[in-house]
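K.L.:
What follows is a single structure, and I will ask about it in a moment.
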Amino acid sequence: MSDNFYITTPIYYVNDKPHLGHAYTTIAADVITRWHRLNGRPAYFLTGTDEHGQKVFEAATKRGLTPTQHVDELCEPFKALWARLDIQNDDFIRTTEPRHTKVVQDVLQNLFDKGDIYTADYEGWYSTSAERFWTEKDLVDGKCPDTGTQVEWIKEKNYFFRMSKYADQLRDYIDANPDFLRPVSRKNEVLGYLKKEVGDLCISRPKSRLPWGIPFPMDTDYVTYVWFDALLNYISAIGYHPSGSKDTFNRWWPASYHLVGKDILTTHSVYWSTMLFAMGLRPAECLYAHGWWTIEGNKMSKSIGNVVDPHLLIDCYGSDAVRYFLMREILFGADGDFSHLGFMTRYNADLANDLGNLAHRALSMTSKWLGGAVPALDPNTAADDALQRVADEAVDGFRSNIEGMQISTALESLWSLVQAGNKYIDDMEPWKLNREGDLARLAGVMRRCLEICRVAAVLLSPVAPNKGKELGEKLGLTALDVDSVQSLDRLVQGSSVEAGEPLFPRMAELPERIQSALAGALPEKAEEAAAKADAKKQKQEAPVAEEAEQSNPFIQFEDFLKVQLKVGEIVEADKHPNADRLLALKVEVGEERPRSIVAGIAAKYAPDDLVGKKIVIVANLKPRKLRGVMSEGMLLAATGSELEGLVTVDSGVNFGSTVG
Ligand code: ME8
C-alpha cells in the first residue's frame with residue numbers, strides 16, 4: 001500500500017441535477033479522505049462531471065441549448081451540492097476541459113499507433129438510448145434490453161479497442177490481487193462476466209449520429225465513445241500524459257480506491273482495467289462497487305417523481321445529519337431503501353438521543369455542579385476500567401472498519417461507546433452523588449463522560465465535520481487529535497466546558513417541507529407519514545396515555561424500524577463443532593464477506609439441504625459467540641412447540657434486499 005491515498009468517485013452525467021445517489025458516493029469518498037487526513041496521510045480526492053455522450057446531448061437538445069451551454073450550466077449544481085455537503089474534493093474535473101480532451105486524444109493516437117485500436121465494419125442492433133450495439137440474442141422482445149426502447153440495424157465503419165487482447169491479463173490480475181474487486185459478491189460477478197469470451201470494444205461514434213464528443217484524432221468523422229473518454233478522467237486529472245513526465249502522476253497512481261455504484265461495475269472492472277493494461281499502467285488498488293439506494297421502496301426515477309433532493313434534507317436536518325444517515329443506514333456494498341420516516345427515526349435515535357443526550361448530560365451536569373471546568377480523574381474504580389475497555393474496543397473497531405470502507409460498521413463501533421457512556425451515567429447516578437455531596441466521585445464520573453464525548457467528537461468528525469468540531473469546542477478543545485482517542489484521560493483538567501444548545505435538536509414530527517414534498521410525490525406515503533407524526537405528537541402531549549400504553553402489547557412503528565431484516569442466501573452449511581443441535585452457516589447478504597450465522601436448526605435440516613436457500617435474517621443483532629462460533633445475525637423461522645421451518649423468500653429476490 002502506497003503511503004499516499006488517492007480516491008475517486010464516478011464523474012456524474014450532467015443530464016440532470018444531482019440526487020441522493022450521487023451524494024452517497026461522494027460523501028463516502030469524502031469521509032474516508034477526511035479520515036486519512038486526520039491521520040496525517042497525504043490524500044487526494046477527485047470528483048467531477050461526465051459531459052459528453054448521447055444522454056447529455058439529448059438533455060441539451062431538449063432544453064434548446066447548445067451542448068456547451070448546457071454542460072456549463074449543469075455542472076454547477078454538482079459543485080454547489082458538494083459545497084453544501086462540506087465535501088473537500090481536491091479537484092473537480094470536467095471532461096470538456098482541454099486538460100482532459102488532450103489526454104484522451106493523445107491516448108487514442110498512441111494506442112492506434114501501437115495497433116491496439118483498429119477499424120472494422122460493424123453491423124448490429126443499435127440502441128440510441130443505451131448508446132451501444134446489441135446482438136440479436138441480447139434483445140428482449142426485439143427491443144434494447146437495458147432501456148426497452150426501439151433498436152435499429154446499423155452497418156458502419158468504427159474504431160475498436162483490442163479489449164480481448166488484455167482479457168487474460170485481467171483474469172490473472174484479479175486472481176493475484178484478491179482485494180482488487182470489492183465486495184466479494186461483485187468480484188464474483190466480474191469473474192462470471194470474464195468466463196465468457198471478451199470481445200473488442202467499439203470506441204467511436206460517427207459524428208453524423210452523435211456530434212457531441214471528443215473528436216477522434218485520426219479521423220474527423222468520428223467522436224470518442226463516452227466511456228472511453230470518461231474513464232480516462234481518473235488519470236488525466238492527476239497529470240497523466242502518454243509521453244509526458246510521470247512525476248506528479250506517480251505520486252498518486254495507482255489510486256487507492258475507485259468508488260462506484262454497482263451499475264457501472266463492468267465498465268470500471270473490464271473496460272478501464274484493460275485500457276490501463278494497454279497503456280502499460282496498473283489498475284487501482286481497489287474498485288469498490290457499492291449498492292443501490294431505492295426511495296420508499298421504488299427505484300429513484302424522475303418519472304415516478306421520487307428523486308430525493310439532497311438540498312431538502314440539508315435544509316431540514318443540516319449537512320452533518322445527511323452525511324451521518326447515508327453512511328450509517330446501510331452497509332457499504334449492500335442495497336438500501338431511503339424513507340423520510342426512516343431518516344427521522346435514525347436522526348432521533350442516534351443523533352438526538354444517543355449522542356445528543358450523552359453530550360448534553362455530560363456538559364450540563366459539569367456546568368451545573370462542577371463550575372463548568374473539566375474535573376479531576378478518579379482512576380481507581382472498576383466501572384471506569386470497564387469503560388476504558390469498551391472505549392478501546394470501540395476505537396479499534398472504528399479504525400479497522402473505516403479503513404476497510406465499512407463506514408457504517410465503524411459508526412456502529414463508535415455508538416457502542418456512546419451508548420456505554422449513557423448507561424454509565426444511568427448506573428453511576430451522578431445526581432445522587434451530587435445530592436449526597438460525594439463530589440470527588442461526581443467529578444470522576446463526569447470526567448469520564450466528557451472524555452467519551454471527546455473521543456466521539458474526534459471519530460465523528462470525518463462523517464459529521466461540523467458537529468464534531470462543535471462538540472470539540474463545547475469541550476474546550478482547539479483541535480481534534482486522533483492520537484488522543486486511545487485514552488479516556490486526555491482533557492485538560494480545569495479547562496472550561498459549555499453545554500450551549502443541543503447538538504441535534506429532536507424532531508417531534510417530519511419537517512413540514514418534507515411533508516409537503518411527500519404530499520406532492522407520493523400522496524399515500526405522505527398521509528402515512530403525517531399520521532405517524534401526528535400520533536407521535538399526541539403521545540408527547542399526553543404522558544398519562546403513554547404510561548397506560550406501556551402495559552399493552554403494541555410496539556411503536558419506530559421500534560419495528562430498529563430491526564433490520566435482510567434477505568440472505570445460504571452459501572455454506574456445516575455441523576457446529578461443539579453442539580449437535582446447531583448448524584454453522586455462511587450467509588451472503590451482499591457485504592464484504594458472507595456472514596457467519598449459528599442457527600439451532602439441526603433437528604430439522606441437514607447442512608446439504610440448506611445451501612442455495614434464500615432466507616430472512618435479523619441483520620443488526622449484536623454479534624455474539626454461540627458455543628465458540630461467532631454468530632453475526634439470526635435466521636427467521638416459524639416455530640410452534642418445535643421448529644417448523646425457515647422463513648424463505650421467492651427465488652427472484654436478491655440477497656442483500658431489505659425486508660420490511
Ligand atoms: O454512470 N444509489 O454517471 P451517473 C446509489 N457518467 N448510488 C447511486 C444511485 C443510487 N440510486 N444513483 C446514482 C455515470 N448513484 C457515468 C460515470 S465514471 C468514469 C462515469 C451514483 O450520473 C453511483 O455512484 O449515472 C453511480 O455509479 C453513479 O452515481 C452514476 O452516476
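The values are calculated or read from the model by the stated rules, or taken from the named source; none is laboratory data. Bear in mind the structure is a predicted one, so any value in this text is a computation, not a measurement. All Cβ positions, glycine included, derive from the backbone under ideal geometry; neighbour counts span all protein chains shown. What goes into the accessible areas is simple: the full protein's heavy atoms, side chains included, and nothing from ligands, DNA or RNA. Shrake-Rupley method; radii C 1.70, N 1.55, O 1.52, S 1.80 Å.
K.L.:
When ranked by the protection proxy of mean other Cβ atoms within 10 Å per residue, highest first, what sequence do the peptides 176-188, 5-17, 615-627 form?
P.N.:
Working: 176-188: 17.5, 5-17: 23.0, 615-627: 15.5.
Ranking, from highest mean packing down: 5-17, 176-188, 615-627.
K.L.:
Further question on the same structure: Can you divide the C-alpha Rg of the stretch 117-250 by 2.2 N^0.38 Å and report the result to two decimal places?
P.N.:
This ratio for the stretch 117-250 stands at 1.23.
K.L.:
Oh, and also: Per 10 Å bin, what percent of the C-alpha pairs of the stretch 612-660 does each bin hold, from zero upward?
P.N.:
Values per bin, smallest distances first: 22, 43, 32, 2.
K.L.:
Right, next: Label Tyr118 and Lys155 with points 7 Å out from Cα along Cα→Cβ: what is the distance between them in nm?
P.N.:
2.0 nm
K.L.:
Now for a different question. Mind checking which aspartates and glutamates have their C-alpha under 14 Å from Lys207, skipping anything on the same chain fewer than 8 residues away?
P.N.:
Correct list for Lys207: Glu131, Glu156, Asp219, Asp221.
K.L.:
Moving on to the next point. Per residue, what accessible area does the chain have, given a 1.4 Å probe and all protein chains present, in Å²?
P.N.:
Computed with neighbouring chains in place, this is 43 Å² per residue.
K.L.:
Only Lys, Arg, Asp and Glu count, each charged at its Cβ (+1, +1, -1, -1), so figure out the dipole size of the chain about its Cα centre, rounded to 20 debye.
P.N.:
Magnitude of the dipole: close to 520 debye.
K.L.:
Run the quick spin-label model on Ala383 and Lys604: label points 7 Å from Cα toward the beta carbon, then report their separation in nm to one decimal.
P.N.:
Result for the modelled spin labels: 4.3 nm.
K.L.:
Order 374-386, 579-591, 210-222 from most to least packed using the mean count of other Cβ atoms within 10 Å.
P.N.:
Ranking the peptides 374-386, 579-591, 210-222 by packing returns 579-591, 210-222, 374-386.
K.L.:
Of Lys368/Lys467; Lys137/Lys157; Lys55/Lys262; Lys469/Lys566; Lys187/Lys613, which sit over 25 Å apart, Cα to Cα?
P.N.:
Where the Cα-Cα span goes over 25 Å, the pairs concerned are Lys469/Lys566.
K.L.:
Further question: Can you spot the lysines whose alpha carbon is less than 17 Å from Lys246's alpha carbon? Ignore those fewer than 8 places along the same chain.
P.N.:
Lys102
K.L.:
Take the Cα pairs of the stretch 372-496, get the Kirkwood Rh, then feed it into Stokes-Einstein at 4 °C and 1.567 mPa s and tell me D in µm²/s. Intermediate results must be reported in sequence, preceding the final value.
P.N.:
Values: Rh = 14.8 Å.
The calculation lands on 88 µm²/s.
K.L.:
Next up: Can you compute the helix-only [θ] at 222 nm over the chain? Use -39500 (n - 2.57) per DSSP H run of at least 4 residues, normalise by all residues, nearest 500 deg cm²/dmol.
P.N.:
Estimated from H runs of four or more residues: -12500 deg cm²/dmol.
K.L.:
Residue separation times 0.36 nm, minus the C-alpha to C-alpha distance between Leu561 and Val653: what's the value?
P.N.:
31.0 nm
K.L.:
Next question. Accessible area of the chain with a 1.4 Å probe: how many percent of it is carbon plus sulfur?
P.N.:
Here carbon and sulfur together make up 49 percent of the probe-accessible area.
K.L.:
Separate question: As I understand it, the value is the acute angle between the Cα axis of helix 98-114 and the longest principal axis of the Cα atoms of the chain; what does it come to in degrees, rounded to 10?
P.N.:
Roughly 50 degrees, rounded to the nearest 10.
K.L.:
If R₀ is 41 angstrom, what is the calculated FRET efficiency for the pair Leu194 and Asp16, using the beta carbon separation as r and rounding to 0.05?
P.N.:
0.80
K.L.:
What is the helix-to-structure angle for 512-521, meaning the angle in degrees between its Cα long axis and the longest Cα principal axis of the chain, kept from 0 to 90 and rounded to the nearest 10?
P.N.:
It works out to around 40 degrees.
K.L.:
While we're here: Report, in degrees rounded to the nearest 10, the 0 to 90 angle that the Cα long axis of helix 20-38 makes with the longest principal axis of the chain.
P.N.:
70 degrees
K.L.:
When the Karplus curve 6.51 cos²θ - 1.76 cosθ + 1.60 is applied with θ = phi - 60°, which whole-Hz ³J(HN,Hα) does each residue of the stretch 50-55 get, with x for Gly and Pro?
P.N.:
9, 10, 10, x, 4, 4
K.L.:
Related question: Taking only the Cα atoms of the chain, how large is their convex hull per residue, in Å³?
P.N.:
Cα-based convex hull of the chain, divided per residue, equals 190 Å³.
K.L.:
Can I ask one more? Determine how many Å³ per residue the convex hull of the Cα atoms of the stretch 563-659 encloses.
P.N.:
Dividing the Cα hull volume of the stretch 563-659 by its residues yields 98 Å³.
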